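Chemist: Please read through the structure below; I'll follow up with questions.
The values are calculated or read from the model by the stated rules, or taken from the named source; none is laboratory data. Bear in mind the structure is a predicted one, so any value in this text is a computation, not a measurement. Glycine also receives a Cβ, built like all others from the backbone with ideal geometry; neighbour counts cover every protein chain displayed. These area figures cover heavy atoms from the full protein model, side chains too; ligands, DNA and RNA do not enter into them. Shrake-Rupley method; radii C 1.70, N 1.55, O 1.52, S 1.80 Å.
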Amino acid sequence: MSDKNINSKTTLQGEDVIVKAVQFFSTAKFRATSQSGRVVTFQGMPPIPWFMLLLTVLGFLFCVIPGIIMYVLVIRKLRRFQNLVVSTGPITGGTEVTITYPDWANDLVQAFLRTLPPAPVPAN
């Protein structure tokens, strides 16, 4: 899985964005692994699709071998930690926020960006 990048601009200062990111993503089952004044890194695991979990349980019920195959080949691959990185950079009138995230965290990242006040659009 490749990571996605998204940029946004806000009127908040960089430190305030980092504090909001820690508060927001920590309540969403991510844990902060490193933090500085301008960058914070989170680790999280994607949720297991119910269909895959059901196939694994059925594999164990009918015969142990299919259950082991589903667990080793599918579930263990899905349940690896993946990083989400929030970085900030100063701009005139606020901060530019850059988030690098895995594909499965798209809705969560969009929800976080909606919590930030947008930067005003410069007049021409």
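Here is a yes/no grid of residues against (1) in contact with a Pro (Cβ under 7 Å, 6 or more places away or on another chain); (2) assigned to a helix (DSSP H, G or I); (3) closer than 30 Å to Ala119 by Cβ:
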| residue | (1), (2), (3) |
| --- | --- |
| Asn5 | no, no, yes |
| Leu12 | yes, no, yes |
| Val19 | no, yes, yes |
| Gln23 | no, yes, yes |
| Leu55 | no, yes, no |
| Ile65 | no, yes, no |
| Tyr71 | no, yes, no |
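Chemist: If you don't mind, another one. Taking Thr98, is it polar (S, T, N, Q), assigned to a strand (DSSP E or B) and either open to solvent by less than 60 Å² (accessible area, probe 1.4 Å) or without any contact (Cβ under 8 Å) to a residue 24 or more places away in the chain (or both)?
Modeler: It is true that Thr98 is polar (S, T, N, Q), assigned to a strand (DSSP E or B) and either open to solvent by less than 60 Å² (accessible area, probe 1.4 Å) or without any contact (Cβ under 8 Å) to a residue 24 or more places away in the chain (or both).
Chemist: Could you check, for region 88-98, whether at least one of its residues is in contact with a Phe, Trp or Tyr (Cβ under 9 Å, 6 or more places away or on another chain) and modelled with pLDDT under 90?
Modeler: no
Chemist: For region 29-52, how many residues are surrounded by 15 or more Cβ atoms within 10 Å (Cβ to Cβ) and out of contact with any Ser or Thr (no Cβ under 6 Å at 6 or more places or on another chain)?
Modeler: 7
Chemist: Here is a follow-up. Looking at Thr56, Thr88, can you tell me which residue is open to solvent by less than 40 Å² (accessible area, probe 1.4 Å) and within 17 Å of Leu12 (Cα to Cα)?
Modeler: None of the other options fit; the residue is Thr88.
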